[in-house]
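K.L.:
Let me begin by handing over the structure; questions about it come next.
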Number of protein chains: 2
Amino acid sequence: MRVVVLLSGGVDSVTALHQSVCEHEEVVALSFDYGARHNARELPFAEYQSRLLGIPHRIARFDFMEKLFRSDLLKGGGDIPEGPYDEDNMRQTVVPFRNGIFLAIAAGFAESVGAGGLVIAAHSGDHSLYPDCRESFMLPMAEAIRSGTDPRIEVLRPFIHEKKDGIIALGAKLGVDYAQTWSCYQGKDLHCGKCGTCIERRQSFALARVEDPTRYVD
Amino acid sequence: MRVVVLLSGGVDSVTALHQSVCEHEEVVALSFDYGARHNARELPFAEYQSRLLGIPHRIARFDFMEKLFRSDLLKGGGDIPEGPYDEDNMRQTVVPFRNGIFLAIAAGFAESVGAGGLVIAAHSGDHSLYPDCRESFMLPMAEAIRSGTDPRIEVLRPFIHEKKDGIIALGAKLGVDYAQTWSCYQGKDLHCGKCGTCIERRQSFALARVEDPTRYVD
């Protein structure tokens, strides 16, 4: 089967890309340049990892989120908060229904390129403040995509019962070079080490007992 | 409740807009400029009808469909076929998962503007060749949007058991000026009268026994 992998250039989706190359006959990568501050940092890694694996990589670029949506993750928004993920701290970085929008675009793209499946790296550690990361969203969304596309495209969620450290452990076995991935929401030259996604990245490498190749500011 | 109406500027969504103003406390209209040939013809009617009703109107503009998708409805595609809607004739005008993408974007927008519902004018006459118009798609998509948004946004489908002539009969009662709407997929100066959507428009006015104010080429 040909599959489309939703590829941000972060730890989870890069691992999903490497795993998909092992598990599926043909892989196409799709990234989104949606006006987030860190897009300019993560997209080159999406490009790098696709080229490394010899996979076609396309980018859907749009600015309607910046223009119409409210979120501090987007370029027009406020500062990215420091400290660990929790409801109060990170709520303003939520982009409403972002995964729903990405999956819907990927479904239309997949039908256009003759793919039978989408791969999304959503995992069980994804945070309670993102309702569109939860399996209670993924299940009906997968059914909507199956029913709403002619080839009845499947949404594959290989990591839905994994946590980030389990994904890193798997990726290390597959030989993924995590120095060539990006997490930090700040989108500056180095990972800040202080925002929720940096703290989680660092902790997950420690839990997985995999050496963290990331250069943090601190 | 505040609702977001998906507004193309066609007969169905313009009627839904007029009905929504009667039924909901606050209405915001959202249109999509997605690279279809007829966008330039229909969007001014979306704008006109919103202004007439004193409703805020926003447009999400993007070109990723033109760049990444294959469809003769889009500017880079082939000619629009003449003759009535049927599987063989109109298949190449399908934009894969278009309603899924529009609903997903509208859900994110609705959460951003504090709306509790979306209104989509999908109806029972929508064609079997569009899998993302059917209720078998709408039901799980509505559940995905409910589960994937924090305010649990509802997808309202007031015309799902109506046909186009029933919608026109309703609109005529509400005083909708259908001269200020657009259907034709060709997107030229006048309605061509020959493409599937023109033929259906004309037939539906006849069935509804409402005078058709449309100027067709023939």
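K.L.:
Going through the cross-link list A:67/B:67; A:67/B:163; B:164/B:188; A:67/B:194; A:164/A:188; A:67/A:188, which pairs have a Cα-Cα distance over 28 Å in this structure?
P.N.:
Flagged as over cut-off: A:67/B:163; A:67/B:194.
K.L.:
Here's a follow-up. What does the structure give for B:93-99 when I average, per residue, the other chain Cβ atoms found within 10 Å of the residue Cβ?
P.N.:
Mean number of neighbouring Cβ atoms from other chains: 6.
K.L.:
Also, I was wondering about something else. Considering every residue in B:112-119, what mean count of other chain Cβ atoms within 10 Å of its Cβ is obtained? Don't skip to the answer; put the middle values down first.
P.N.:
Working: counts 8, 4, 1, 0, 0, 0, 0, 0.
Mean partner shielding for this stretch: 2.
K.L.:
Here's something else I'd like to know. Straight-line reach from residue B:75: which aspartates and glutamates have Cα under 17 Å away, leaving out those fewer than 8 places along the same chain?
P.N.:
Within the straight-line limit of under 17 Å, residue B:75 reaches these aspartates and glutamates: B:33, B:42, B:63, B:66, B:189.
K.L.:
Now, a different point. Going by how many other beta carbons lie within 10 Å of each one, how would you line up B:147, B:124, fewest first?
P.N.:
Details: B:147 20, B:124 14.
Ordered by Cβ neighbours within 10 Å, fewest first: B:124, B:147.
K.L.:
Taking the Cβ-Cβ separation of residue B:33 and residue B:189 as r and a Förster radius of 22 Å, what is the calculated FRET efficiency to the nearest 0.05?
P.N.:
Working: r = 19 Å, r/R0 = 0.87.
Given R0 = 22 Å and the Cβ-Cβ separation, E is 0.70.
K.L.:
Then there is this: Run the simple label-point estimate for residue B:161 and residue A:173 please: 7 Å along Cα→C-beta, distance reported in nm.
P.N.:
Computed distance between label sites residue B:161 and residue A:173 equals 5.3 nm.
K.L.:
For a quick check: sort B:93, A:214, A:15 by the number of other beta carbons within 10 angstrom, fewest at the front.
P.N.:
Numbers: B:93 22, A:214 19, A:15 28.
In order of increasing Cβ crowding within 10 Å: A:214, B:93, A:15.
K.L.:
Hey, fewest Cβ within 10 Å first, where do B:61, B:51, B:157 land in order?
P.N.:
Working: B:61 16, B:51 12, B:157 19.
Least crowded to most crowded, the residues run B:51, B:61, B:157.
K.L.:
Counting partner chain Cβ atoms within 10 Å of every residue's Cβ in B:136-142, what's the average? Each step should come with its number before you reach the end.
P.N.:
Working: counts 5, 7, 3, 4, 10, 9, 2.
What the average comes to for B:136-142 is 6.
K.L.:
Additional query: Add +1 for every Lys or Arg and -1 for every Asp or Glu among the other residues with Cβ under 14 Å from the Cβ of residue B:214, and state the total.
P.N.:
0
K.L.:
Within 10 Å, count the other beta carbons around each residue, average over each peptide in B:40-46, A:7-13, and list them highest first. Walk me through the numbers on the way to the answer.
P.N.:
On the way: B:40-46: 19.9, A:7-13: 25.4.
Going from most to least packed, we get A:7-13, B:40-46.
K.L.:
When every alpha-carbon pair in region A:2-208 is counted, what percent end up more than 32 Å apart?
P.N.:
Values: 2044 of 21321 pairs.
The proportion of pairs with Cα distances above 32 Å equals 10 percent.
K.L.:
Based on alpha-carbon positions alone, could you give the equivalent ellipsoid semi-axes of region B:87-218 from the gyration tensor, as √(5λ), descending, whole Å?
P.N.:
Values: eigenvalues 167, 63, 39 Å².
Whole-Å semi-axes of the equivalent ellipsoid: 29, 18, 14.
K.L.:
From the P(r) of the protein assembly as shown, could you give the percentage of C-alpha pairs in the tail past 42 Å? Walk me through the numbers on the way to the answer.
P.N.:
Details: 16130 of 94830 pairs.
Of all Cα-Cα distances in the protein assembly as shown, 17 percent exceed 42 Å.
K.L.:
Net charge within 15 Å of residue A:58 by Cβ-Cβ distance, Lys/Arg positive one each and Asp/Glu negative one each, not counting residue A:58 itself?
P.N.:
On the way: positive: A:2, A:51, A:61, B:67, B:70; negative: A:26, A:33, A:47, A:111, B:63, B:66.
Spelling it out: positives minus negatives among the neighbours equals -1.
K.L.:
Extension gain residue A:207-residue A:150, at 0.36 nm per residue separation less the Cα-Cα distance, in nm? Intermediate results must be reported in sequence, preceding the final value.
P.N.:
Working: separation 57, 0.36 × 57 = 20.52 nm, distance 4.24 nm.
Using 0.36 nm per residue and subtracting the Cα-Cα distance, I get 16.3 nm.
K.L.:
Right, next: For residue B:153, what is the net charge nearby, where nearby means another residue's Cβ is under 14 Å from its Cβ and Lys, Arg count +1, Asp, Glu -1?
P.N.:
Surrounding charge for residue B:153 is -1.
K.L.:
Between residue B:217 and residue B:124, 0.36 nm times their residue separation minus their Cα-Cα distance comes to what?
P.N.:
Roughly 30.7 nm would be gained on extension.
K.L.:
Calculate the dipole size of region B:2-208 relative to its Cα centre from +1 charges on Lys and Arg beta carbons and -1 charges on Asp and Glu beta carbons; express the result in debye to the nearest 20. Before the final figure, lay out the partial values.
P.N.:
Values: 22 positive and 27 negative charges, 54 e Å.
Dipole of region B:2-208, to the nearest 20 debye: 260 debye.
Only the coordinates and a few stated rules stand behind these numbers; no lab work does. Source: prediction; values computed, not measured. Virtual Cβ from ideal backbone geometry, glycine too; neighbours counted across all protein chains shown.
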